[in-house]
Amino acid sequence: MAENFGEDEPLDAQDEALLTDLQRLFETADPVPEHLAGMSLFALTVEQLQADMLELEHVDTPALAARANEADEREVVRTGTITFACEPVTVMINLSESPTGGLCIDGWVAPAEHYRVELYQPGARVTVESDEDGAFVLFDVPEGPTCVALRRADGVGPTVCTPVIEL
């Protein structure tokens, strides 16, 4: 017959050994995905922004761009432009390769004002200020899930945020 134990009784060595065996079993049979903690923290950070969400607008761009005259000399360059809009701002970002191999994000915010631009990725946040025309540049951005938040530098108006996109 099984004994009933109260919840107030302390764990003993047998309990600790059983819990250790269970932990090993779960770590082997169903390990925690490698990036789960970072992605969860990223999702919480984006949620905490409590910002108005910018809406993605489709802009047609060429899938590939090529340089050089001869076909065998051409260098393939990845490029793309994404536009997000939400009252009261619109932001357009152009993605290209940085000279050092990461991504370069050139962006423009309208209406033209000084903005604080924050780029969020799992485990990282980069902040830059736009110029008075709303232009900003981020160099060496790694690929992966990304969200951009915009705040006017003078504090007027809402914070707006892009949906999470995969760079």
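Coordinate-derived values only; no laboratory data. Just so it is clear, the model here is predicted, and its values are computed rather than measured. Don't worry about glycine lacking a Cβ; one is built from the backbone with ideal geometry, like all the others, and counts go over all protein chains shown.
Here are a few things to note about the model shown:
- Protection proxy ranking of 153-163, 34-44 - average other beta-carbon atoms within 10 Å, highest first: 153-163, 34-44
- Placing pseudo-labels 7 Å out from each Cα toward the beta carbon at Asp133 and Thr81 gives an inter-label distance of 1.5 nm.
- On the beta carbon distance between Ala29 and Glu143, with R0 = 35 Å, the FRET formula returns roughly 0.65.
- When peptides 140-146, 87-93 are ranked by their average number of other Cβ atoms within 10 Å per residue, the highest-first order is 87-93, 140-146.
- Theoretical gain in end-to-end length, Ala124 to Asp8 [0.36 nm per residue, Cα-Cα removed]: 37.5 nm
- Distance between the pseudo-spin-label points of Ile165 and Ser98 (7 Å out from Cα toward the beta carbon): 1.8 nm.
- For Ala17 and Arg116, the difference between the fully extended length at 0.36 nm per residue and the C-alpha to C-alpha distance is 30.3 nm.
- Close amide-amide hydrogen proximity is noted between Thr90 and Ala110, each under 5 Å apart and 5 or more residues distant or on a separate chain (H modeled in the peptide plane; Pro and chain starts excluded).
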